[in-house]
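The values are calculated or read from the model by the stated rules, or taken from the named source; none is laboratory data. No experiment lies behind these values; they were computed from the predicted model shown. Neighbour counts run over all protein chains shown; Cβ positions are idealised from the backbone, glycine included.
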Amino acid sequence: MRRVSTETSIEASRSACLGRRRGDMAKFFLAMLLVTVLANRRVLGKHCRFASTSANQGSCIFPCRCTDGCDTTTGDCLNGGRCEDGHPSGYRWSGMACQTGNVAYHKTASQSSDPTNDWSERFPADKAVDGNIHSHINNGHCAHPDADWGQHAWWTVDLEATFNTYYVIIYNRDQNTERLNHFTLSVGDSPAKTTECAEHVGSVGPGATVNVSCSAVGRYLKFRREGENVDVAGLCEVVVIGSRRIFCEDNTYGVNCREECGHCKNNKPCDKENGVCTSGCEMWYTPDLCKSFIPPETPVIENMTTSTRIGSVDARIVVTWKKVLGADVTKKVPPIDESVLGHCKLPAGLSKGKLLKGPVANNIKHGSNV
């Protein structure tokens, strides 16, 4: 009985051990499967910056705006295709990867409404972004924001993501055209918090358009009636020309983040859209991209000051120089009317005269010890 009991105990222990091993192996394979799925998601996200076709954007950041499909990494048009036509007709997509165009088309819109009449209900806000530019309001393709007497009529479109806006085209109705004579445009991250980017004052003819520059960044664009009779407006179509806000690493820019920043001052990042160094350029590089290098000539000594550290005999002379950059015909670089300042440290005892006449004058390095 003891032998049987012992064998049974051993078999039970062995089964338990195998069970634990199977459980551990199952956990291991489950973990590996999870890692694989996550890795595939990261790879998919990396290669799905652009959708492959205009019909299916999926979870990609940018839609495909090409007639024959897009490269999912760069957004470039495939098979010799071109940028698609936009809405309304005539607003073809353009720019890098065809991402600049009317970003308000078929987006969600809202407007002010006067409860004493049904104008806003008969002519809702989304009619101003339906891609139809018919100017007669009875055709049913115009928005008609109104408000209580004395209150400002307004209209807002949700672009559904953060966009750079460049300019706005508004189509006027063919009657009561004075309702577009004076208005402001503003852009922001919420409907209640927008910053004015443009103001228009002046008459707009029947069925005519008004083109207003509006350089801003945000998700919501707001129209507001100003001037006289501010409680009513007529918008037969609102076209917002813009492009999706770019999120690139600090040393890259452009829609596909393939362009490298230049030599921005103090290693500051460049503008993610156009690569401009807003902080200025490092010495000897020319604005705005800071990529063109002008070899420095012998600098002109501007100033010399001495400096001695307490507790050290290693005195230094700080020399400040300037070099006014001139035109470079071979590189088509225009003259730059500004001084570039720098400094270096010289061993004590080296005079200004020796610096100018000696061989060190041709080898001064910015911020170096000579």
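Would you be able to say whether some residue in region 127-137 is in the same structural domain as residue 239 (by TED's automatic domain parsing), among the polar types (S, T, N, Q), within 30 Å of residue 236 (Cβ to Cβ) and at pLDDT 80 or above?
yes
Any residue in region 118-134 that is of a type outside the set (D, E, K, R), without any contact (Cβ under 8 Å) to a residue 60 or more places away in the chain and farther than 22 Å from residue 227 by Cα?
Scanning region 118-134 turns up at least one residue that is of a type outside the set (D, E, K, R), without any contact (Cβ under 8 Å) to a residue 60 or more places away in the chain and farther than 22 Å from residue 227 by Cα.
Being of a type outside the set (Gly, Ala, Ser), buried (at least 17 other Cβ atoms within 10 Å of the Cβ) and closer than 19 Å to residue 149 by Cα is the filter here; which residues of region 199-234 pass it?
Correct list: 223, 224, 225, 230, 231, 232.
Which residue out of 222, 291, 268 is over 30 Å from residue 135 (Cα atoms) and in contact with a Ser or Thr (Cβ under 9 Å, 6 or more places away or on another chain)?
Of 222, 291, 268, the one residue that is over 30 Å from residue 135 (Cα atoms) and in contact with a Ser or Thr (Cβ under 9 Å, 6 or more places away or on another chain) is 268.
On the given criteria, is residue 178 surrounded by fewer than 19 Cβ atoms within 10 Å (Cβ to Cβ), at positive phi and modelled with pLDDT of 90 or more?
In short, no.
Across region 137-174, what is the number of residues that are without any contact (Cβ under 8 Å) to a residue 40 or more places away in the chain and not acidic (Asp, Glu)?
Number satisfying all stated conditions: 3.
Residue-wise test of (1) basic (Lys, Arg); (2) in contact with a His (Cβ under 6 Å, 6 or more places away or on another chain).
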{"site": "122", "(1), (2)": "yes, no"}
{"site": "134", "(1), (2)": "no, yes"}
{"site": "138", "(1), (2)": "no, no"}
{"site": "158", "(1), (2)": "no, no"}
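Among the listed residues 90, 80, identify the single one that is free of Cβ contacts under 8 Å to residues at least 40 places away in the same chain, loosely packed, with under 15 Cβ neighbours inside 10 Å and either under 26 Å from residue 211 (Cα atoms) or among the hydrophobic types (A, V, I, L, M, F, W, C) (or both).
Sole residue among the options that is free of Cβ contacts under 8 Å to residues at least 40 places away in the same chain, loosely packed, with under 15 Cβ neighbours inside 10 Å and either under 26 Å from residue 211 (Cα atoms) or among the hydrophobic types (A, V, I, L, M, F, W, C) (or both): 90.
Can you confirm whether residue 307 is modelled with pLDDT under 75 and either surrounded by 16 or more Cβ atoms within 10 Å (Cβ to Cβ) or hydroxyl-bearing (Ser, Thr, Tyr) (or both)?
Yes; evaluated as a whole, the condition is true for this residue.
When residues of region 184-206 are filtered for being hydrophobic (A, V, I, L, M, F, W, C) and either outside the structural domain of residue 112 (by TED's automatic domain parsing) or within 23 Å of residue 138 (Cα to Cα) (or both), how many remain?
So the count comes out to 1.
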